[in-house]
1. More than 17 Å apart: what percent of Cα pairs in region 186-227 qualify?
2. Nearest-5 percent of antiparallel DSSP beta bridges in region 3-250?
3. For region 130-246, what's the relative contact order in percent, using C-alpha pairs closer than 8 Å and at least 6 residues apart?
4. Direction-averaged shadow area of the convex hull around the Cα atoms of the chain, nm²?
5. Angle, helix 114-129 long axis vs. longest principal axis of the chain, Cα atoms, 0 to 90°, nearest 10?
6. For the chain, what does -39500 (n - 2.57) per DSSP helix run (n ≥ 4), summed and divided by total residues, give at 222 nm, in deg cm²/dmol to the nearest 500?
7. With everything on Cα atoms, drop me the angle between helix 39-55 and the longest principal axis of the chain, reported from 0 to 90° to the nearest 10.
8. Could you put 244, 158 in order, starting from the residue whose Cβ has the fewest other Cβ atoms within 10 Å?
Ligand code: NI
């Protein structure tokens, strides 16, 4: 059930028995010479919608622009500043919480969203904790990144090993190829190996990123991406996240 295709009476009825909602969150940013700018919201949204079907949980519209300042050296990238992003997430949580949603499950497709999403959760919790009049609020939030789910991560390592890389990964591009086979951009055979690096340690500003990772990839061999492996990884992520989501919304 998708919030965007529901009416308000349907949502009111849903809330009689269910207080869970899934929110896909991604980014619009460069994904190397062959990856779609929408990669992160395309993967998160498709996984979220399938998880919604499997758990009978309502799925909110996707947040398609995230915190991606470090990708601004590449045309097409759109970013929110960290503070703006945090405010967006807090306002989504506050709006949903006001209607009675008590378990808000964010399925994320973009590494740059992790830190500000956790900060946003704490901003929301602080507004509850610091105001005695809201002490009844029992809304809890959870963030999962599809590629760091333990079983999905192990499967990705099995299939691609080190060639998966750390940005514009073979696995995320493979999933988008599975979801949008008519839009696949083939990688040239003479593509140079990507520079390696760690997003956790090596991300500064957009100029520095482009200087060090000239075509946008970090460590990924995108020639290995293919729709068949994309389907296998997608299905694994859906199974694993649906199970986790189910136990969270019943917690
Ligand atoms: Ni990505």
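Read the figures in this text as sums done on the coordinates, not as results from a lab. These numbers were taken from a predicted model, which means no experiment stands behind them. When we count neighbours, we look across all protein chains shown, and the Cβ atoms used for this are built from the backbone with ideal geometry, even at glycine.
1. Percentage above 17 Å: 35.
2. 15
3. So the answer I get is 40 percent.
4. The Cα convex hull of the chain, projected and averaged over all directions, gives 13.7 nm².
5. In the chain, helix 114-129 runs at an angle near 10 degrees to the longest axis.
6. Per the formula, -14500 deg cm²/dmol.
7. 40
8. Listed from fewest to most nearby Cβ atoms, that is 158, 244.
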